Amino acid sequence: MPADPMPTSAQTPVEKPKHKLRILIVEDHTPTRMAMSRLIRQAGAEVTTARDGEEGLGYLLTQHFDVLLTDLRMPKMDGFELLQHCQTLPVSHRPKRVIAISGEYEAGALHGQPVQFLAKPFNLDILLDMLGGKPN
């Protein structure tokens with residue numbers, strides 16, 4: 001005897017949980033890095049942090065992030081050099097969106113790179129809007 005068909009309720013597609021944004025924060029100033037990390041996690045994203053561009057590049061080489069949020073002025077490897085390395089990463093490891101933050105440089109310092117810019121000190125609501133915005 002053939003098996004009974006599945007009940008209708010079992011055939012209803014299950015909604016996939018919404019993808020959490022994976023964000024890499026590269027910031028040498030510990031209080032800023034910790035505050036951004038905490039607030040962005042509270043907004044629902046997965047966050048990884050790095051203290052400088054060298055450490056950040058290590059994460060980019062081994063993991064995929066939706067957004068790279070990087071300071072421009074840092075020791076060892078600054079944000080400008082990190083951005084150059086991002087362009088050479090395999091597409092599978094390149095962040096969909098990059099946001100550069102700086103209290104010393106202006107957006108023009110990025111020379112037209114496909115990077116969003118946010119001046120320090122920044123408004124958290126503006127940062128959260130940028131994180132939820134469209135890819136570069």
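The values are calculated or read from the model by the stated rules, or taken from the named source; none is laboratory data. Owing to the predicted nature of the structure, the values given are computational and were not obtained by experimental measurement. With ideal geometry, Cβ positions are generated from the backbone for all residues, glycine too; neighbour counts draw on all protein chains shown.
Looking only at the range 114-136, how many residues end up being outside any loop (DSSP other than H, G, I, E, B) and touching a residue at least 24 places away in the same chain (Cβ under 8 Å)?
Of the residues in that region, 5 qualify.
From the list 61, 72, 83, 24, which one is over 21 Å from residue 116 (Cβ atoms), modelled with pLDDT of 90 or more and of a type in the set (A, V, I, L, M)? Full working, then the answer.
Values: 72 fails: over 21 Å from residue 116 (Cβ atoms); 83 fails: over 21 Å from residue 116 (Cβ atoms); 24 fails: over 21 Å from residue 116 (Cβ atoms).
Sole residue among the options that is over 21 Å from residue 116 (Cβ atoms), modelled with pLDDT of 90 or more and of a type in the set (A, V, I, L, M): 61.
How about the range 92-136: which of its residues are more than 24 Å from residue 42 (Cα to Cα) and more than 15 Å from the chain's Cα centre (by Cα)?
Passing the criteria: 103, 104, 105, 106, 107, 108, 109, 110, 111, 112, 113.
Could you list, in sequence order, the residues of the range 1-21 that are modelled with pLDDT under 85 and either outside any loop (DSSP other than H, G, I, E, B) or within 19 Å of the chain's Cα centre (by Cα) (or both)?
In the first step, residues of the range 1-21 are kept if they are modelled with pLDDT under 85; the result is 1-19.
Across the range 1-21, the qualifying residues are 8, 9, 10, 11, 18, 19.
Among the listed residues 97, 73, identify the single one that is of a type in the set (Lys, Arg) and over 18 Å from residue 33 (Cβ atoms).
From the options 97, 73, the qualifying one is 97.
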